[in-house]
Amino acid sequence: GIERFDVPGRTLREVFNAVRKEAPELYDRVVEDGEMRLDIAVAIDGNILEETGLYMDVSEDAEIYLVAPIGGGA
């Protein structure tokens, strides 16, 4: 099933740091060496990001999704 977390954060880095506290195993699957893994796509409010820099600002009510790479995985 889909896991959902309501976490605070003004940037993707803050959001994922909050996710790390809720689900460290999920964080470890998504972030590697302090950066987003390149084989995981991130969508905010239904739009897949071209770049997944963790410093990107996000709105308080944004819905952020992780999208498995084409061909499966994640």
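The values are calculated or read from the model by the stated rules, or taken from the named source; none is laboratory data. Because the structure is a prediction, the values reported are computed rather than measured. Here the Cβ positions follow ideal geometry from the backbone for every residue, glycine too, while neighbour counts run over all protein chains shown. For the accessible areas, the whole protein counts, side chains as well, though only heavy atoms, and no ligand, DNA or RNA atoms are used. Shrake-Rupley method; radii C 1.70, N 1.55, O 1.52, S 1.80 Å.
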>> If residue 61 satisfies all but one of (1) assigned to a loop (DSSP other than H, G, I, E, B); (2) open to solvent by 90 Å² or more (accessible area, probe 1.4 Å); (3) in contact (Cβ under 8 Å) with a residue 24 or more places away in the chain, what's the number of the condition it fails?
In response: (3)
>> If I filter the range 16-27 down to residues being over 11 Å from the mean Cα position of the chain (by Cα) and not in a loop (DSSP other than H, G, I, E, B), which single residue comes out as farthest from residue 61 (Cα to Cα)?
In response: 25
>> Residues that are part of a loop (DSSP other than H, G, I, E, B), surrounded by 15 or more Cβ atoms within 10 Å (Cβ to Cβ), modelled with pLDDT under 90 and on the phi < 0 side of the Ramachandran plot: does the range 38-47 have at least one?
In response: yes
> Using beta carbons and a limit of 6 Å, which pairs, at least six apart or on different chains, have the first residue in the range 43-58 and more than 14 Å from residue 15 (Cα to Cα) and the second one in a loop (DSSP other than H, G, I, E, B) and of a type in the set (A, V, I, L, M, F, W, C)?
Replying inline: 45/62
>> I need every pair where a residue in the range 19-31 that is under 12 Å from residue 6 (Cα atoms) has its Cβ under 7 Å from the Cβ of a residue that is surrounded by 15 or more Cβ atoms within 10 Å (Cβ to Cβ), sequence separation at least 6 or different chains.
In response: 19/7; 19/26; 19/27; 22/7
> residue 13: modelled with pLDDT of 85 or more, outside any strand (DSSP E or B) and open to solvent by 90 Å² or more (accessible area, probe 1.4 Å), yes or no?
Replying inline: no
